[in-house]
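The values are calculated or read from the model by the stated rules, or taken from the named source; none is laboratory data. Everything quoted here is computed from the prediction, not taken from an experiment. Cβ: placed from backbone, ideal geometry, glycine included. Neighbour counts: every protein chain shown.
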């Protein structure tokens, strides 16, 4: 299979028409049509349905498009690696992570890079794990910081490389004035009748599975990914929630209490990257800075008292 034709096919599918694809590629429309016809002949099946409004990939075309995306991302990684080597670590690293990690880990890491690798620029997008994984696989970003629970389905990650950084305790958050907040450790079953506030897809799934293990089905009344909103809702009696320790560090409302739940397993925060991306000097510089910042957080948490009073 001709890889050049495969990439031409990818561009046409992304643009939605042969004409738009030809313009992006800097080719004539007849030339692009010839490449597509040759590709269909090569794979011995129709890949595109053509109409006056554009093109639509067939089932086979959709399958081939996903493989073309992976090949394109791999080629981009090769180009970036060569460019960074010849430019002596100068370039842009495209990074994405979820809100609390962005607030706690990213700023000091960027500050560190500014001192140790001033030629490296970091561009940042705030994405939840599922979105970050899609962006990595499509080649839109180079590195993503995500979190996993022990029961997280990681089948969508494909061949992405995983670097675990540290474990993050999952805690129950309730109004500070709630009598149950008097205990440092609580049991999840004690909140079976409370309304619950759920977060992103991974956090929601973890909440549901943890509640089932505790013997109840949570009454999820509100859903939001915003830790500020969750804590404000809790402070006004709208329910309880499970939040990770890093969210408490990013923002802690004085009228809520974070309490340990011994039965809950910790989640793992780590980095995902496309195969080979970690060998790119600029990417390696960011990964190193984030790894060092994670070590600082672990050391700070080890100094904390077992029973945490609210600030």
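Which one of 123, 72, 100 is farther than 30 Å from residue 264 by Cα and either in a helix (DSSP H, G or I) or in the same structural domain as residue 8 (by TED's automatic domain parsing) (or both)?
72
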| query | Quick check: is even one residue across region 165-177 more than 14 Å from the chain's Cα centre (by Cα), closer than 30 Å to residue 69 by Cβ and either touching a residue at least 12 places away in the same chain (Cβ under 8 Å) or in the same structural domain as residue 235 (by TED's automatic domain parsing) (or both)? | reply | yes
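Rundown of residues vs (1) at pLDDT below 90; (2) assigned by TED's automatic domain parsing to the domain that holds residue 95; (3) crowded, with 22+ Cβ neighbours inside 10 Å, yes/no style:
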site	(1), (2), (3)
232	no, no, no
243	no, no, yes
248	yes, no, yes
251	yes, no, no
255	no, no, no
259	no, no, no
289	no, yes, yes
297	yes, yes, no
311	yes, no, no
| task | Evaluate region 166-173: report whether one residue or more is at pLDDT 95 or above, farther than 23 Å from residue 106 by Cα and either surrounded by fewer than 21 Cβ atoms within 10 Å (Cβ to Cβ) or in contact with a helix residue (DSSP H, G or I) (Cβ under 9 Å, 6 or more places away or on another chain) (or both). | result | yes
| query | Quick one: is residue 144 in the same structural domain as residue 98 (by TED's automatic domain parsing) and either within 20 Å of the chain's Cα centre (by Cα) or crowded, with 21+ Cβ neighbours inside 10 Å (or both)? | reply | yes
| Of the residues 22, 38, 60, which single one is assigned by TED's automatic domain parsing to the domain that holds residue 10, surrounded by fewer than 14 Cβ atoms within 10 Å (Cβ to Cβ) and either assigned to a helix (DSSP H, G or I) or at pLDDT 95 or above (or both)? | 38
| If you scan region 137-151, which residues turn out to be in contact with a helix residue (DSSP H, G or I) (Cβ under 7 Å, 6 or more places away or on another chain) and touching a residue at least 60 places away in the same chain (Cβ under 8 Å)? | 137, 138, 139, 142, 143, 144, 145, 146, 147, 149
